[in-house]
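J.: Pasting a structure here, questions to come.
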Amino acid sequence: MQDGDYLDGNAAAGPLSEFFTVDVTDATGRCAHCGRTAALATARLYPNSHGLLLRCPGCTEILLRLVDTGDSVCLDLHGMSFVQLRRPNDVPS
């Protein structure tokens, strides 16, 4: 990897738009703390005035934080080692 061998983050717009336009409750993720792998729909949601917290039902550690500041939204997936989404049948790979 060399300094000239990269594109800026805008090049990820297409692939990321696929990721963020599907129902993420269908996504599978792995807890970075206990290793439990399950659908996000099985996580425990704790809404509060600052946003949303999704916690692992196995170890209760935070999987995901979503904070809406009014003019932007911050998504923190630090508590997950991966998130996997299946493409809808009508979307070419």
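J.: Provide Val24, Val73 in ascending order of the number of other Cβ atoms located within 10 Å of each residue's Cβ, fewest first.
T.: Val73, Val24
J.: Could you work out the relative contact order of region 10-84, using alpha carbon pairs under 8 angstrom and six or more residues apart, expressed as a whole percent?
T.: Dividing the mean separation by the residue count of region 10-84 yields 27 percent.
J.: Same structure, new question: On alpha-carbon atoms, Rg over Rh for region 10-84 using Kirkwood Rh?
T.: Values: Rg = 12.8 Å, Rh = 13.0 Å.
Radius of gyration relative to Kirkwood radius: 0.98.
J.: Continuing with this model, one more query. Taking 0.36 nm per residue of sequence separation and subtracting the Cα-Cα distance, how much length would be gained by fully extending the chain between Cys34 and Gln84, in nm to one decimal?
T.: Length difference between fully extended and current span is 16.3 nm.
J.: Would you order Leu52, Leu63, Leu40 from fewest to most other beta-carbon atoms within 10 Å of each residue's own beta-carbon? Can you show the working numbers first?
T.: Values: Leu52 14, Leu63 27, Leu40 19.
If I rank by nearby Cβ atoms, fewest first, I get Leu52, Leu40, Leu63.
No lab work stands behind these numbers, since they all come straight from the coordinates. Everything quoted here is computed from the prediction, not taken from an experiment. In this analysis, Cβ positions are derived from the backbone assuming ideal geometry, glycine residues included, and neighbour counts consider all displayed protein chains.
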